[in-house]
Amino acid sequence: MNPKTMFKLSYGLFVLTSGFEGRDSGCIINTAGQVTSEPNRISITVNKANFTHDLVMSSKKFNISVLSEEASFDIFRHFGFQSGRDTDKFSDFKDCVRSVNGLYYVTAGTNGYISASVEQTVDLGTHTLFIASVEDMDVLSDVPSATYTYYQSSIKPKPEKPASSGKTTWRCTVCGYIYEGEELPPDFICPLCKHPASDFEKVS
Ligand code: FE
């Protein structure tokens with residue numbers, strides 16, 4: 001069995017936004033897809049560590065903003081590499097408006113948004129699977145959607161060679177975070193993007 005086969009699956013990239021009792025937040029996910037057309041339903045899977053997960057659980061509604069090939073790395077950094085528990089991601093974020101359901105969606109670097117209401121949740125341990133009915137949606141641009149492969153090749157900054165300190169370093173292949181140490185602990189979680197040790201590569 002070749003575990004690299006999983007990389008042959010294609011993924012889009014999305015800003016998931018939700019809000020509850022006056023708190024708004026958002027995070028990056030790669031797991032949105034249509035699951036039925038009559039009625040129109042989508043599914044998303046969200047890591048429970050994300051603050052936005054709890055907002056979706058409480059409010060039972062969310063928006064998906066579809067990231068396009070014009071999305072800047074800043075959008076990924078803003079929504080992906082910090083937690084809504086510690087910071088209000090919308091206090092200084094201008095490229096967003098509220099849709100009919102009262103939640104924000106992102107208007108720059110995106111090509112469409114979908115508003116959905118949660119019908120079912122499935123507890124998957126680390127993640128929750130949400131199945132939701134589509135309530136509203138609109139196309140924002142004709143720029144192609146960004147895939148995870150496109151993010152890796154064209155949006156994420158090219159890694160700089162870390163200054164040779166003589167120490168062994170490991171790089172997070174998702175966000176570029178550098179860990180210094182002879183061995184990367186198997187339960188290590190990237191402090192920036194929260195991806196696991198399996199997403200790190202040995203640099204030197
Ligand atoms: Fe990372």
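The values are calculated or read from the model by the stated rules, or taken from the named source; none is laboratory data. Here the structure is a predicted model, which means the values were calculated and not measured. All Cβ positions, even for glycine, are placed from backbone atoms using ideal geometry, and neighbour counts span all protein chains on display. Heavy atoms of the whole protein, side chains included, go into the accessibility calculation; ligands, DNA and RNA do not. Shrake-Rupley method; radii C 1.70, N 1.55, O 1.52, S 1.80 Å.
Might you work out the accessible area of LYS194 for me, using a 1.4 Å probe with all protein chains in place, and round it to the nearest 10 Å²?
100
Using θ = phi - 60° and the Karplus relation 6.51 cos²θ - 1.76 cosθ + 1.60, list the HN-Hα couplings for the stretch 62-74 in order, rounded to whole Hz, with x at every Gly or Pro.
Here the 3J(HN,Hα) series is 7, 10, 10, 9, 7, 6, 10, 5, 8, 5, 8, 4, 4 Hz.
Any chance you could look up the accessible area of MET6 with a 1.4 Å probe, heavy atoms only, rounded to 10 Å²?
Rounded to the nearest 10, the figure is 120 Å².
Label points 7 Å out from Cα along the Cβ direction at THR149 and VAL97: separation in nm?
In this crude label model, THR149 to VAL97 measures out at 3.4 nm.
If the only charges are +1 at each Lys and Arg Cβ and -1 at each Asp and Glu Cβ, what is the size of the charge dipole of the stretch 66-204 around the Cα centre, to the nearest 20 debye? Working shown, then result.
On the way: 12 positive and 20 negative charges, 95 e Å.
Charge dipole, the stretch 66-204, about its Cα centre: 460 debye, nearest 20.
Which semi-axes, in whole Å and largest first, does the equivalent ellipsoid of the stretch 24-86 have when worked out from the alpha carbon gyration tensor as the square roots of 5 times its eigenvalues?
Value: 21, 17, 9 Å, ordered largest first.
State, to one decimal in nm, how far the label point of GLU69 lies from the label point of SER37, with both points 7 Å from Cα in the Cβ direction.
Taking the simple label geometry, GLU69 and SER37 are separated by 2.6 nm.
Give me the three principal axis extents of the stretch 89-204 from the C-alpha atoms, as integers in angstrom, largest value leading.
55, 34, 28
Compute the semi-axes of the equivalent ellipsoid of the chain, taking the square root of 5 times each eigenvalue of the Cα gyration tensor, and list them largest first in whole Å.
30, 18, 17
Only helical DSSP H runs with n ≥ 4 go in: add -39500 (n - 2.57) per run for the chain, normalise by residue count and round the 222 nm mean residue ellipticity to 500 deg cm²/dmol. Working shown, then result.
Details: 2 runs with 17 residues, N = 204.
Here the helix-only value at 222 nm equals -2500 deg cm²/dmol.
For the modelled label position 7 Å from the Cα of VAL203 along Cα-to-Cβ, which residues of the stretch 119-160 have backbone nitrogen atoms closer than 16 Å?
156-160
Of all accessible surface on the chain at a 1.4 Å probe, what whole percent is carbon and sulfur? Don't skip to the answer; put the middle values down first.
Details: 5870 of 11180 Å².
About 53 percent, which is the carbon plus sulfur part of the accessible surface.
Wrap a convex hull around the Cα atoms of the stretch 22-130, take a quarter of its surface area, and give that in square nanometres.
Spelled out: convex hull of the Cα atoms, projected over all directions, averaged, 7.0 nm².
Mind checking which of TYR105, SER141, THR87 is farthest towards the positive end of the stretch 79-147's charge dipole, using Cβ charges of +1 (Lys, Arg) and -1 (Asp, Glu) about the Cα centre?
It is THR87.
Accessible area, 1.4 Å probe, largest first: how do SER58, SER198 sort?
From most exposed to least exposed: SER198, SER58.
Taking Rh as the Kirkwood radius, which is the inverse of the mean 1/r over Cα pairs, what is the Rg/Rh value for the stretch 6-52?
Working: Rg = 12.8 Å, Rh = 12.3 Å.
Taking Rh as the inverse mean 1/r over Cα pairs, Rg/Rh reads 1.04.
Can you give the accessible area of ASP95, probe radius 1.4 Å, in Å² rounded to 10?
70
Among the chymotrypsin sites (Phe, Trp or Tyr not before Pro) in the stretch 63-146, which ones are in a DSSP loop with at most 13 other Cβ atoms within 10 Å of the Cβ? Mind listing them?
none
Please work out the C-alpha center-to-center distance from the stretch 47-66 to the stretch 123-200 and express it in whole Å.
19
If you average the sequence gap of Cα pairs under 8 Å that are 6 or more apart and divide by the length of the chain, what percent do you get for the contact order?
20
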